[in-house]
Amino acid sequence: MERRNFIKSCAYSATGALLLPGILTPRLFGSNPDAPFKAAKGVWKLYNNGTFDLSTGHILLKGAFPSFDGKTIKPIQTKVSRKNNGGEIVYTLSEGKFILNFTEKDGILTLSATLQGVDTAPHWIAPMSEATVMGADRFFKQGNGFAGPSGVFEYPQPPLRRESPQKDESWSTDSYLTTGVIAPNGETIAIAPYLFHDYVCRSTHRNRTYRKGLIDRHLDSNINLFEIAFATENIRPKTKKIQLPDIHFTIGETPYPTFRKLASQIAEANGIKEIKQPAYHWCSWYEYEHNFNQSILDETIEGLKSFSPEIPIQTIQVDDGYSAHGDWIIANENFPQGLDHMAASITNAGYKAGIWVGPFMVMETSEVFKNHPDWILKDKEGNMIKSGLFRGITDYTLDTSHPEAFEHLRKVFRTLRSWGITYYKTDFLDWGLVDSTSVQRYTPGKTSAQYYTDVLKMIREEIGPESFWLACIAPYEQVVGFADGIRFSNDVTGLEGAINNLIPETIACQYMNGTLFLNDPDTLYLRDFNETKYKDANVPSTAFRSSVEPMTYDDRVALALWDAMTTNVIVTSDRLHRVSDDMVAMFRFLQPGEKYLPTEHPGWDKQSEIKSALRELPNGDYALLLLNTGKKEQKTNYPVKDLLPFDSAYVFRWNYNSRLPLGKQSSLSFDLKPNKITLLYLSRKNQVPPKKLTIFGIEN
């Protein structure tokens with residue numbers, strides 16, 4: 001996709017220089033991400049023909065009009081009334097009315113939409129459609145969930161002249177949870193509803209290109225368009241009325257603080273008052289996958305207890321392989337003494353017990369599938385929906401609209417909680433969010449989001465507010481307010497894969513970290529052994545995880561430091577008593593504290609091969625991590641005053657095994673080799689960081 005450096009064809013565009021890749025923007029926010037938000041003014045303008053604009057100092061969303069199912073509505077009559085920075089537009093349709101209300105409060109613009117007098121809703125309703133975007137050179141795209149893709153992207157600019165015909169220059173991309181547009185000077189409109197329990201919300205950025213001349217040689221115009229819509233999925237409202245969630249437009253002077261502000265507003269609307277304690281967990285999956293058993297669990301616990309001082313792991317979580325999918329509370333041969341014994345062996349050792357569950361997964365070998373085929377979700381032709389293949393066995397999707405299936409799932413979580421399990425990793429959650437127009441439900445009549453939210457509410461009721469809930473392969477929108485943690489990237493199998501997905505998703509999703517969820521970066525690898533070098537009597541030699549790429553020591557350290565500096569979730573599957581003393585020391589170095597520590601990514605809205613992460617430590621000093629994700633060595637130069645609230649700092653190269661003083665510096669200049677990471681400790685004081693100080697600023 002071709003990128004442009006400056007928006008040229010838009011008369012409304014503001015002028016301003018774009019920063020070059022690799023150069024950090026001036027410091028915009030400190031350790032309190034909400035404090036630096038500076039609002040900018042937005043204005044509604046309503047027209048007699050039913051179109052409307054949203055304008056700021058530098059951005060204009062022009063000529064918007066509502067649409068149903070991708071087509072602009074055709075009202076019989078349009079009535080417009082205006083108030084101070086707002087008003088109302090009533091579109092009288094052949095069936096019913098569509099009403100838009102425009103308001104402004106505390107600097108936030110809100111668009112409310114109501115559909116009245118209809119027997120059946122459209123599939124998609126877009127209160128704002130066909131809005132021409134002017135004055136913005138970038139947009140923010142949030143992936144639907146797990147693995148994105150997410151980030152800030154420049155609007156593609158087609159060439160002014162071309163010599164080859166039939167070249168497709170049209171593009172379209174969808175965003176979920178939040179979206180927004182950004183001007184060259186940084187002014188930002190961050191856009192989202194606050195509530196997602198009834199409808200999936202999808203925003204779309206796309207273009208419309210016109211050309212002239214022979215072989216379409218010359219560019220006539222390229223128009224960037226914006227739409228935001230809700231999936232009402234042809235439901236039949238009982239009162240012939242659909243009130244859509246309000247859409248909010250948060251306008252700020254700079255991008256990241258504006259999105260952070262929007263995230264805090266979503267959190268408040270969903271009753272999220274406090275994020276759970278940072279996580280320091282052990283998970284069984286990433287070494288033995290579904291071959292993990294009680295014998296290895298006992299060895300793991302014994303190994304953890306052998307350390308002095310003890311490694312303060314909070315949770316031991318058993319992953320897939322303990323039961324047929326769908327049965328969940330019926331143990332297989334890996335846990336012959338039962339899952340209650342498994343949980344007790346963990347809690348009796350002083351750890352929290354965790355478990356992996358796929359709420360919507362049903363294996364064809366399970367008791368649920370054999371005894372209750374009517375619990376399985378069907379396609380429009382009445383065929384059971386095959387959703388996956390695990391261990392060579394087909395998985396189907398549970399139809400939670402079936403009352404008995406729903407109560408079975410309730411019993412599963414109630415039983416697991418009664419056994420003392422307080423950590424839940426729920427996986428393949430996307431299976432439960434299936435558009436109601438594409439399937440045959442046992443009990444029809446709701447949207448996919450409503451069926452899905454029913455399950456989420458039930459799970460939280462059964463596991464209790466005290467339990468930690470990690471949502472994996474999950475749509476972000478509906479799990480807001482229910483899950484404590486969110487997996488935001490693909491499984492990590494090596495540094496190269498992390499550079500392509502984990503690292504860009506970490507940066508893009510940082511605005512919701514510690515506000516909507518604790519962002520979970522998957523696992524870190526400490527072990528340097530594999531099946532040809534290391535054997536274990538407890539499992540067959542074929543049991544070792546085969547999908548992990550060979551990783552050097554530097555790769556493992558880079559991934560571990562990145563995870564610790566950018567999230568508050570530290571997870572490994574390596575049995576610590578089997579890894580080197582060196583790696584145990586590093587794992588101790590990554591130990592989090594009791595409170596969430598925010599992370600900044602300077603230049604969050606810019607594309608650069610140099611990825612940076614900045615954290616203020618509890619003692620007032622700072623940690624700065626730099627990672628070169630490019631293919632060539634790069635030289636960096638970062639003025640301290642652009643990063644920190646002081647002009648110069650005493651600098652130390654910092655790691656679990658080194659604290660190298662580099663002297664007092666006003667500018668940080670380094671040669672970064674490809675795929676190499678540098679961690680710096682920055683302080684006003686000429687004092688070497690304490691040996692037991694962790695990357696989270698506590699002494700372990």
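For the reader, a short list of remarks on this structure follows.
- The condition (being within 24 Å of residue 518 (Cβ to Cβ), touching a residue at least 24 places away in the same chain (Cβ under 8 Å) and not aliphatic (A, V, I, L, M)) is satisfied by just one residue among 642, 621, 671: 621.
- Residues being more than 23 Å from residue 355 (Cα to Cα) and either modelled with pLDDT of 95 or more or open to solvent by 10 Å² or more (accessible area, probe 1.4 Å) (or both) - total across segment 466-496: 2
- Qualifying position, being of a type outside the set (A, V, I, L, M, F, W, C), modelled with pLDDT of 95 or more, in contact with a strand residue (DSSP E or B) (Cβ under 9 Å, 6 or more places away or on another chain) and crowded, with 20+ Cβ neighbours inside 10 Å, among 87, 50, 63: 50
- Scan segment 173-190 for residues that are over 9 Å from residue 142 (Cα atoms) and of a type in the set (S, T, N, Q) and the total you get is 3.
- Qualifying residue in segment 105-116 (condition: surrounded by 15 or more Cβ atoms within 10 Å (Cβ to Cβ), free of Cβ contacts under 8 Å to residues at least 40 places away in the same chain, touching a Leu at 6+ places or on another chain (Cβ under 9 Å) and within 30 Å of residue 436 (Cα to Cα)): no
- Looking across 503, 499, 463, one residue alone is aliphatic (A, V, I, L, M) and open to solvent by 20 Å² or more (accessible area, probe 1.4 Å). It is 499.
- Within segment 685-696, none of the residues are part of a strand (DSSP E or B), closer than 23 Å to residue 552 by Cβ, of a type in the set (A, V, I, L, M) and out of contact with any Leu (no Cβ under 7 Å at 6 or more places or on another chain).
- Residue match in segment 271-279 (condition: in contact (Cβ under 8 Å) with a residue 40 or more places away in the chain, at positive phi, touching a His at 6+ places or on another chain (Cβ under 9 Å) and open to solvent by 30 Å² or more (accessible area, probe 1.4 Å)): no
- Within segment 224-235, considering residues that are under 16 Å from residue 124 (Cβ atoms) and of a type outside the set (A, V, I, L, M, F, W, C), the one surrounded by the most Cβ atoms within 10 Å (Cβ to Cβ): 232
- Criterion violated by residue 377 - all others in (1) more than 25 Å from residue 520 (Cα to Cα); (2) touching a helix residue (DSSP H, G or I) at 6+ places or on another chain (Cβ under 6 Å); (3) open to solvent by less than 30 Å² (accessible area, probe 1.4 Å) satisfied: (2)
- For beta carbons closer than 6 Å, sequence separation of 6+ or different chains, a first residue in segment 324-346 that is within 19 Å of residue 391 (Cβ to Cβ) and a second that is open to solvent by 40 Å² or more (accessible area, probe 1.4 Å), the qualifying pairs are 324/365; 327/367.
- Residue selection: residue 266 fails the criterion of being at negative phi, under 21 Å from the mean Cα position of the chain (by Cα) and open to solvent by 10 Å² or more (accessible area, probe 1.4 Å).
- Residue, farthest from residue 56 (Cα to Cα), within segment 128-156, restricted to residues that are more than 25 Å from the chain's Cα centre (by Cα) and either of a type in the set (Ser, Thr, Tyr) or open to solvent by less than 30 Å² (accessible area, probe 1.4 Å) (or both): 129
- Among the residues making up segment 648-698, those that are of a type in the set (S, T, N, Q), under 29 Å from residue 497 (Cβ atoms) and surrounded by 13 or more Cβ atoms within 10 Å (Cβ to Cβ) are 655, 675, 678, 694.
- Odd one out for residue 209, checked against (1) of a type in the set (Val, Ile, Thr); (2) farther than 23 Å from residue 147 by Cα; (3) at pLDDT 95 or above: (3)
- Filter result (surrounded by fewer than 22 Cβ atoms within 10 Å (Cβ to Cβ) and touching an Asp or Glu at 6+ places or on another chain (Cβ under 8 Å)) within segment 325-356: 327, 330, 345
- Condition check for residue 36: modelled with pLDDT of 95 or more and crowded, with 17+ Cβ neighbours inside 10 Å: no
- Comparison of 422, 443, 437 shows that the only residue that is over 18 Å from the mean Cα position of the chain (by Cα), in contact (Cβ under 8 Å) with a residue 24 or more places away in the chain and assigned to a strand (DSSP E or B) is 422.
- Qualifying strands (runs of 3 or more DSSP E) (wholly inside segment 58-97; at least 1 residues being on the phi > 0 side of the Ramachandran plot and out of contact with any helix residue (DSSP H, G or I) (no Cβ under 9 Å at 6 or more places or on another chain)): 60-68, 86-92
- Count of segment 465-511 residues which are under 27 Å from residue 197 (Cβ atoms) and not in a loop (DSSP other than H, G, I, E, B): 17
The values are calculated or read from the model by the stated rules, or taken from the named source; none is laboratory data. If you're wondering where the values come from, they're calculated on a predicted model, not measured in any experiment. Cβ coordinates were reconstructed from backbone atoms using ideal geometry, including for glycine residues, and neighbour counts include every protein chain displayed. Side chains included, ligands, DNA and RNA excluded: accessible areas come from the protein's heavy atoms. Shrake-Rupley method; radii C 1.70, N 1.55, O 1.52, S 1.80 Å.
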